[in-house]
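Here's the structure, in structure tokens; my notes come after.
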Amino acid sequence: MEVLALREALIRSLGDIYRLEAFSALGDLLQGESMVLHFLLAARGAPMFPSALSQELRLSRSRITAAVNSLRRKGLVATEPCREDRRMVLVSLTEKGRELIVEKEGRMASYFDRMIKGLGPADTQRLIELIHRCVDVMGGQEQ
């Protein structure tokens, strides 16, 4: 295949993947408010400063502030002043937030379990290797 045909086939194939419900759910989990909930869940209930969330998630402080405020209004996170420095705020996951993110992660696990079952271990490993290679090839071009 010539380069133009390969490019078009690759774009179509990636578009097909992108339109799958599993990848839409993955996109939701890996960005915005769900990413904050996921990170707080991974911290095993340890309250975190918004600045730490910003640094760890590589999001601006203003985006973290907006996400935390929205999540707080929805009852998914709680905020409380830091005991050592009352000007600072700590963010923690509420039970409602924990339940929501656990449900989303469970749904993701079932999507990808189905993919692994359909592809089999060898093709799944090959797909992982190709994804890593794509990231290596394209990673330097996005800066």
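Values in this text are rule-based calculations from the coordinates and carry no lab data. Please read all numbers here as calculations on a predicted model, not as lab measurements. FYI the Cβ positions are ideal-geometry reconstructions off the backbone, even for glycines, and counts take in every protein chain you see.
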Open item on the list: Which residue fluctuates most in the GNM of the chain (Cα springs below 10 Å): E84, E105, E33?
Closed with: E84
TODO: Could you work out how far apart the two model spin labels at R12 and D113 are, taking each label as a point 7 Å from the Cα in the direction of the beta carbon, and quote it in nm?
DONE: 3.4 nm
Open item on the list: Expected output is a single nm value to one decimal: the length gained when fully extending between R58 and E2, i.e. 0.36 nm times separation in residues minus the C-alpha distance. What is it?
Closed with: 16.3 nm
TODO: Pairs of Cα atoms under 8 Å, at least six residues apart: use those to get the relative contact order of the chain, whole percent.
DONE: 20 percent
Open item on the list: Under 10 Å, Cα contacts only: if you run a Gaussian network model on the chain, which one of R63, R114, R126 comes out with the highest mean-square fluctuation?
Closed with: R126
Task: Label zone at R44 (point 7 Å along Cα-to-Cβ), backbone N below 19 Å, the stretch 95-130 - done: 95, 98-99, 102
Task: Shape of the stretch 3-142, Cα gyration tensor, a/c cut at 1.5 - done: prolate
Open item on the list: Ignoring everything except DSSP H segments at least 4 long, calculate the 222 nm mean residue ellipticity for the chain; use -39,500 (n - 2.57) per segment, divide by total residues, nearest 500.
Closed with: -24000 deg cm²/dmol
